[in-house]
Amino acid sequence: MAMNAFDSKLFELRFERSRRDLFDMLERLYGRHPDYVEFRNRLEDTMRAAWSRRPRDLKWLDLKRDLEPDWFQRPDMVGYVFYIDRFAGDLSGVLSKLDYLEEIGANYVHFMPCLKPRPGDSDGGYSVMDYRAINPAYGTMRDFEKVAKALRNRGISLCVDMVLNHTAREHDWAKAARGGDTVKQDYYLIYGDRTLPDAYEKTLVEIFPDTSPGSFTFDETLQKWVWTTFNTHQWDLNWANPQVFLEIVDIMFYLANKGVDVLRLDAVAFMWKRMGTRCQSEPEVHMILQALRAACHIVCPAVIHLEEAIVSPQEMLPYLGRGAHDGKEGNLAYHNSLMVQFWSALAARDTALMSHVLRTHFPSVLRNATYATYIRCHDDIGWAITEQDAEAVGVTGPGHRSFLSDFYEGVFPGSFSRGALFGVNPETGDKRISGSFASLAGLEIALADGDAAATDNAVERIVMGHVLIAAYGGVPLIYMGDEIAMLNDYGYVEDPDHAHDSRWLHRPRMDWDTVERVRQGNDGSPEARVWHGVRHAMARRKATPELHAGYVIRVPESPAKGVFALVHEAPTGSLLCLFNFTETTVEVPGEWALAEGISSFHDALSDHPAKLKDGNVVLAAYGRVWLR
Ligand code: GLC
């Protein structure tokens, strides 16, 4: 299809806008490659071709978002994350759930991996054998386009996983490589003997130490070692090869043109290898990501990038564009620290570490970027707490991390939680945790014990977690089933493809019967209280302009043990959010609250005056307020 004059002018303008962001990076990454000039030309052709194929309605969306570049930072953003089959059976089932999405306030949905995975165990779909096809169990690419359009018509944006670090061993490129195609062998990292793998492994960290130890896998066909950071069937791509960049960027355009709004770039930290390092978050990773961002900003500016890097705060922030990459890298990145600190503060009934970490490591404002805030997701929880941070509040790193694992596994005396271990590494002492929000927050044990007070506490913890992500700034992500307090799903052990992976404990099938019941009204059951609480939190978020992610945020010293405080400094005035992480009532001095910049004790969350006693703000067990 030929481009008309207006379209081609628009393309040239956008090309000029991002040319340097793109080529400065590519020059540094691939400039010394013998075929660099040809690579550049091919990339330009790829971009023009993708733009000329871009559907009209998406080109309008491009314009709209060029005019409203803060669209994803606005307080009306609320995300919902689900597996297509577990939520709705298949893609046509999703069409019948659109009202539900609106009912809970979602205007952003993340389809968990939906591209065609390898058969059998596919790491929950993260082992992709064809990036241009939909998982046949969910439907076809045509079905996908239909759903994307239906979502778009309701103003709901769509996030899809794009695994950048590896493909499935069954991907065509890997198959060709195994068949002797040397061009495709160069797409991966393949070694004739153990010399280099051994040398690399001296400093690599194992990701799945118990189920997939080491970072290399011997391939019987090739009789060689292949780099496999994650599972043995996930072959790491060789990003030092510019061909890989070309292939992937073309797939990104392809998905963008099918109606994807948010590309969730999976496992990005691992994309660049350097001997003698952990091969995580190397500077070249950020160059590649900036280049991918710039390429999309030219061809499909409606599309933004969510970069998945579950690492310490100092390592995570560059994914949102720091220093030379400021405003030019990920638009979204998971706020892993907020999630970890939520669980840490709940177990410890102490917010000192949380306040310290969120105050010292995170900037007051981000440019062209914000966080994806969440409490639970499909993955395990790793206790990413550094020694320095732990010591700053008087605990030790290893001590606190192992306390948290024990607490959430449920073996620490007095723990309210019921989780399961994941990724236990006896060498490092690392123990990660699986479990649903509700079970980790105490509901499973409370219900089993028939303990009404413990049930109340669990419900309040779950609602408070949702209020926290609604209030932090960024896009809050509700993880399917958490809004009705679904408990651990122990049935996963029956499935031979899942039994080895405890993360399936918190990947249940949606309980629509419960949804039907809670929709009828709040009958006082835990599920109904959580459902109404979550919906209310998201609705109030949308009604609170101070929560725009473009405004300055500040984390003051905690005003009382167990209370977390957060201030949004909006141009119209400050919003002080307070959260009580304990099961006892706490009073926060009113004088202190006023000194933090609020002008009244109106609670924007309940939309009522906050409860005061002797001039102090009263926070009930797990209570929360947003003071104006
Ligand atoms: C990401 C996914 C995780 C997966 C891994 C490997 O971390 O969230 O579920 O196992 O990448 O693809």
- Message: Against the condition modelled with pLDDT of 95 or more, of a type in the set (A, V, I, L, M, F, W, C), out of contact with any Phe, Trp or Tyr (no Cβ under 6 Å at 6 or more places or on another chain) and on the phi > 0 side of the Ramachandran plot, how does Cys300 come out, does it pass?
- Response: no
- Restricting the search to region 152-163, which residues are hydrophobic (A, V, I, L, M, F, W, C) and away from the ligand (no atom under 16 Å from the Cβ)? Ile156, Leu158
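This table checks each residue for (1) within 16 Å of the ligand (Cβ to nearest atom); (2) in contact with a helix residue (DSSP H, G or I) (Cβ under 8 Å, 6 or more places away or on another chain); (3) of a type in the set (A, V, I, L, M, F, W, C); (4) over 20 Å from Gln280 (Cβ atoms).
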residue	(1), (2), (3), (4)
Ala150	no, yes, yes, yes
Asn165	yes, yes, no, no
Gln185	no, yes, no, yes
Tyr191	no, yes, no, no
Leu204	yes, no, yes, no
- Message: Please go through region 497-549 and give me each residue that is within 16 Å of the ligand (Cβ to nearest atom) and assigned to a helix (DSSP H, G or I), ordered by number.
- Response: Ser502, Arg503, Trp504, Leu505, His506
- Which of (1) surrounded by 15 or more Cβ atoms within 10 Å (Cβ to Cβ); (2) among the small types (Gly, Ala, Ser); (3) more than 16 Å from the ligand (Cβ to nearest atom) is the odd one out, the single condition Ser92 does not satisfy? (1)
- What is the residue count in region 352-382 for residues that are within 16 Å of the ligand (Cβ to nearest atom), hydrophobic (A, V, I, L, M, F, W, C) and in a loop (DSSP other than H, G, I, E, B)? 2
- Query: Is at least one residue of region 44-59 touching a strand residue (DSSP E or B) at 6+ places or on another chain (Cβ under 8 Å) and closer than 24 Å to Arg152 by Cβ?
  - Reply: no
- Tell me which residues, restricted to region 233-247, are of a type in the set (A, V, I, L, M) and away from the ligand (no atom under 15 Å from the Cβ). Ala240, Val244, Leu246
- Message: What are the pairs with Cβ atoms under 7 angstrom where one residue, in region 609-628, is farther than 16 Å from Val467 by Cβ and in a strand (DSSP E or B) and the other, located anywhere, is open to solvent by less than 40 Å² (accessible area, probe 1.4 Å) and not hydroxyl-bearing (Ser, Thr, Tyr)? Sequence gap at least six, or different chains.
- Response: Pro609/Asp603; Leu612/Gly590; Leu612/Val618; Asn616/Val588; Asn616/Gly590
- Confirm whether Ala177 is in contact with a Lys or Arg (Cβ under 7 Å, 6 or more places away or on another chain) and more than 13 Å from the ligand (Cβ to nearest atom). yes
- Message: Looking at region 60-75, can you tell me whether even one residue there is within 16 Å of the ligand (Cβ to nearest atom) and within 27 Å of Val299 (Cα to Cα)?
- Response: no
- Task: Quickly run through region 219-232 and pick out the residues that are open to solvent by 10 Å² or more (accessible area, probe 1.4 Å) and either of a type outside the set (Ser, Thr, Tyr) or more than 16 Å from the ligand (Cβ to nearest atom) (or both).
- Result: Asp219, Glu220, Thr221, Leu222, Gln223, Lys224, Trp225, Phe230, Asn231
- Query: Where residues in region 261-290 are under 22 Å from the mean Cα position of the chain (by Cα) and within 19 Å of Arg169 (Cβ to Cβ), which of them is farthest from the ligand (Cβ to nearest atom)?
  - Reply: Met271
- May I ask you to list the residues in region 103-134 that are within 11 Å of the ligand (Cβ to nearest atom) and among the small types (Gly, Ala, Ser)? Ser122, Gly124, Gly125, Ser127
- Message: Can you tell me which condition Lys258 does not meet? The list is (1) within 16 Å of the ligand (Cβ to nearest atom); (2) of a type in the set (Lys, Arg); (3) in contact with a Phe, Trp or Tyr (Cβ under 9 Å, 6 or more places away or on another chain), and all the others hold.
- Response: (1)
- Item | Selection count, region 574-607, where residues are in contact (Cβ under 8 Å) with a residue 40 or more places away in the chain, touching a helix residue (DSSP H, G or I) at 6+ places or on another chain (Cβ under 8 Å), farther than 17 Å from Arg541 by Cβ and open to solvent by 10 Å² or more (accessible area, probe 1.4 Å) | 1
- Message: Here is a list: Arg264, Arg293, Arg278. Which entry is among the basic types (Lys, Arg), under 30 Å from Ser502 (Cα atoms) and surrounded by 22 or more Cβ atoms within 10 Å (Cβ to Cβ)?
- Response: Arg264
- Task: Please find, among Gly474, Gly429, Gly442, the residue that is in contact with a His (Cβ under 8 Å, 6 or more places away or on another chain) and either modelled with pLDDT of 95 or more or farther than 25 Å from Ala372 by Cα (or both).
- Result: Gly474
- Restricting the search to region 304-320, which residues are within 16 Å of the ligand (Cβ to nearest atom) and in contact (Cβ under 8 Å) with a residue 40 or more places away in the chain? His305, Leu306, Glu307, Glu308, Ala309, Ile310, Val311, Ser312, Glu315, Tyr319
- Note on the structure: Log entry, pairs with first residue in region 217-229 being of a type outside the set (Ser, Thr, Tyr) and assigned to a loop (DSSP other than H, G, I, E, B), second being away from the ligand (no atom under 16 Å from the Cβ) and open to solvent by 60 Å² or more (accessible area, probe 1.4 Å), beta carbons closer than 7 Å, six or more apart or on different chains, reads Leu222/Arg178
- helices (runs of 4 or more DSSP H) enclosed by region 110-197 - at least 2 residues per element that are open to solvent by less than 20 Å² (accessible area, probe 1.4 Å): 141-153, 172-178
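Quick check, is Thr351 modelled with pLDDT under 95 and hydroxyl-bearing (Ser, Thr, Tyr)?
Judged against the criteria, Thr351 is not a match.
The values are calculated or read from the model by the stated rules, or taken from the named source; none is laboratory data. Model, not experiment: these values are computed from the prediction. Neighbour counts run over all protein chains shown; Cβ positions are idealised from the backbone, glycine included. In case anyone asks, the SASA skips ligands and DNA or RNA and just uses the protein heavy atoms, side chains included. Shrake-Rupley method; radii C 1.70, N 1.55, O 1.52, S 1.80 Å.
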